[in-house]
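Asks: Take this structure, written in structure tokens, and hold onto it; I'll ask about it next.
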Amino acid sequence: MLTTNASISEIQRRIAAGEISLPELVEFYVRRVESQRSLNAFLDVYADEALEQARKVQGKLAAGKAGPLAGAVLAIKDNIAIKGKKLTCASHILANFVSPYDATVVQRLRTADAIVLGKTNMDEFAMGSSSENSSVAPVRNPRDPERVPGGSSGGSAAAVAANLCTAALGSDTGGSIRQPAAFCGVVGLKPTYGRVSRFGLVAFASSLDQIGPFGRTVEDVARLLNVMAGHDPMDSTSAPEPVPDFTDQLHTRPESLTIGLPVEYLSGDVQPDIVQAIETAKQAFTEAGYQVRDVHLPMTEYCIATYYIICTAEASSNLARYDGARYGHRAADVQNLEEMYRLTRSEGFGKEVKRRIMLGTYVLSAGYYDAYYRRALKVRTLIRRDFEQAFEQCDVLITPTTPSTAFRIGEKTRDPVAMYLSDIFTVSANLAGLPAISIPAGKDENDLPIGVQLLARPFDEATLLRAAAFLEAQF
Ligand code: GLN
């Protein structure tokens, strides 16, 4: 049976060799989810449906008619819609909300014969960096259950790391795929803004949100991206860019590659073992004959402030729709409309979500709009320019994914700013719309996973993934 963490190709090989059947694989994952309940990784498991689906796909495999993801059993973050299933965003306000339609990504993955096992836990409305803001229960890191798995897609990262599924989907507004991937020791990809349809993703900050895959290997996330990427008429922000086969030449070394090392990212407070991992990566690139050079991103110190103004502004607007009239929870025994709004929202939202709505309302309010929101938009343009200039000198940037490895549960809950600072290396990719990936890069002295982040030019996931596949083989 699957005692080791198997990738999609490994599973496909074992199924083809008759060593395991797809229904057996689904049963294996269902049992593991059961035995690992204390991780709080899943919010919902569709055991019977997954099993039924597995029998169908097994039949297609036998007939040689299966899609490219036959064998992959997926977990989906609970802010992505599946028809007829609860879509809660780990919030009280949507606790009983059932989605009337499928997200485009879910449809595409199913068409490729991937099986959906269930929904994963997260920070409420994807706001957080530790998955402690779930209204259900905090997710635990499978590498050390006393520590957080990162957030907000902590359930998806933990599920892949604990071998509860083959791969998973998350969403990334400021690092919510890459940071948990780093903390849990798996691969996590945030595609270029517009690369993957967001139809069916519950909006947090619409100019930043992207859906992306988690996997055990770079190849697995490339295979998922192949299926998920591409224009969708249902999402006006999805780009009509051509989609190459991202697995093509994934394991052949790029002939030439210039790697940029942003000096600002290593000058601050970064855990020494993480600096060492970057050093190891740099050496590997150099020894393979690639050029590694220092580059400058002078706006780096403004990224966190810019991100937290823009994301809260957009969140306050997006979350205005939860008013008790149409979606989810509605307060009982109210006297008038205003009271319905007030009580519904007071009861339905958790502390961090309320904090963001208030911050966002403040930066958008008359008198403060110019000083905060408009200024943040201007700084965002400068941040984007920093990257454009850097990419004139290199093809791929390398940075730590996080300044530290996984922190302890409860360590940062009382200090929201300390929590916000854990996103320092990830928010820039969202502000600039760039593709970025986190890959495992060894362990620290406490045996906790370290993540290294690579970034590339918009829509150049092909180069990003090839560089990542090269680096993955070095650790
Ligand atoms: N941790 C960041 C935040 O709290 C990013 C969240 C995300 O990417 N969804 O906003």
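The values are calculated or read from the model by the stated rules, or taken from the named source; none is laboratory data. Just so you know, these numbers come straight off a predicted model, no measurement behind them. Backbone-built Cβ (ideal geometry, glycine too); neighbour counts: all protein chains shown. Side chains are part of the model used for accessible areas, which takes the heavy atoms of the whole protein and leaves out ligands, DNA and RNA. Shrake-Rupley method; radii C 1.70, N 1.55, O 1.52, S 1.80 Å.
Asks: Could you work out Rg/(2.2 N^0.38 Å) for region 51-107, with Rg from alpha carbons only?
Replies: 1.42
Asks: With label points built 7 Å along Cα→Cβ from the Cα atoms of Y327 and D245, find their separation and express it in nm.
Replies: About 3.9 nm, to one decimal.
Asks: Among DSSP beta bridges lying fully in the chain, give the percent that are antiparallel, nearest 5.
Replies: Percent antiparallel among DSSP bridges in the chain is about 65.
Asks: Additional query: What does the charge count near E264 come to, summing +1 for each Lys or Arg and -1 for each Asp or Glu among other residues with Cβ under 14 Å from its Cβ?
Replies: -4
Asks: Which part of region 302-332 falls in the paramagnetic zone of A371, meaning amide N under 17 Å from the point 7 Å along Cα-to-beta-carbon?
Replies: Flagged as within label range: 306, 309-310, 313.
Asks: Once neighbouring chains are kept in place and the probe is 1.4 Å, which whole percent of the accessible area of region 390-475 is contributed by carbon and sulfur?
Replies: 47
Asks: Cα centroids of region 422-455 and region 74-141: how far apart, whole angstrom?
Replies: Value for the Cα centre distance between the two parts: 23 Å.
Asks: Follow-up question, since we're still on this one. I need two numbers for region 231-373: Rg to one decimal and Dmax as a whole number, Cα atoms only, in Å.
Replies: Rg and Dmax of region 231-373, Cα atoms, are 23.7, 72 Å.
Asks: Take the alpha carbon gyration tensor of region 1-115, find the square roots of its eigenvalues, order them as a ≥ b ≥ c, and report rounded if a/c is under 1.5; if not, report prolate when a/b exceeds b/c, else oblate.
Replies: Oblate shape, in that a/c is at least 1.5 and b/c is the bigger or equal ratio.
Asks: Within the chain, which complete DSSP H helices have Cα atoms spanning at least 30 Å along the helix axis and a mean Kyte-Doolittle hydropathy of -0.5 or higher?
Replies: Numbers: long enough: none.
Answer set is empty.
Asks: Sort region 80-214 into rounded, prolate or oblate with this rule: let a ≥ b ≥ c be the square roots of the eigenvalues of the Cα gyration tensor; rounded if a/c is under 1.5, and if a/c is not under 1.5, prolate when a/b is larger than b/c, oblate otherwise.
Replies: rounded
Asks: Hey, what's region 71-176 come to in accessible area per residue, 1.4 Å probe, Å²?
Replies: The answer is 21 Å² per residue.
Asks: Now, a different point. Based on the Cβ-Cβ distance from S267 to M358, what FRET efficiency comes out when R0 is 25 Å, to the nearest 0.05?
Replies: The formula returns an efficiency of 0.15 here.
Asks: I need the semi-axes of the equivalent ellipsoid of the chain: take the C-alpha gyration tensor, multiply each eigenvalue by 5, square-root it, list largest first in whole angstrom.
Replies: The three semi-axes for the chain are 31, 30, 20 Å.
Asks: Roughly how far apart, in whole Å, are the Cα centres of region 266-305 and region 372-415?
Replies: 13
Asks: In addition: Taking square-rooted eigenvalues a ≥ b ≥ c of the alpha carbon gyration tensor, is region 431-475 rounded, prolate or oblate, where a/c under 1.5 means rounded and, failing that, a/b exceeding b/c means prolate?
Replies: Judged from the Cα gyration tensor, region 431-475 comes out oblate (a/c at least 1.5, b/c at or above a/b).
Asks: So which of K56/K190; K282/K412; K77/K282; K119/K412; K119/K354 end up more than 28 Å apart by C-alpha?
Replies: The answer is K56/K190; K282/K412; K77/K282.
Asks: Now a separate question. Whats the longest run of the chain with zero trypsin sites (Lys or Arg not before Pro) that are DSSP loop and have at most 10 other Cβ atoms within 10 Å?
Replies: Result for the longest clean stretch: 1-325.
Asks: Rounding to the nearest 20 debye, state how big the charge dipole of region 134-292 is about its Cα centre with +1 on each Lys and Arg Cβ and -1 on each Asp and Glu Cβ.
Replies: 340
Asks: Per residue of the chain, what 222 nm ellipticity follows from adding -39500 (n - 2.57) for every DSSP H run with n ≥ 4, rounded to the nearest 500? Before the final figure, lay out each step's value.
Replies: On the way: 16 runs with 178 residues, N = 475.
For the chain, the value works out to -11500 deg cm²/dmol.
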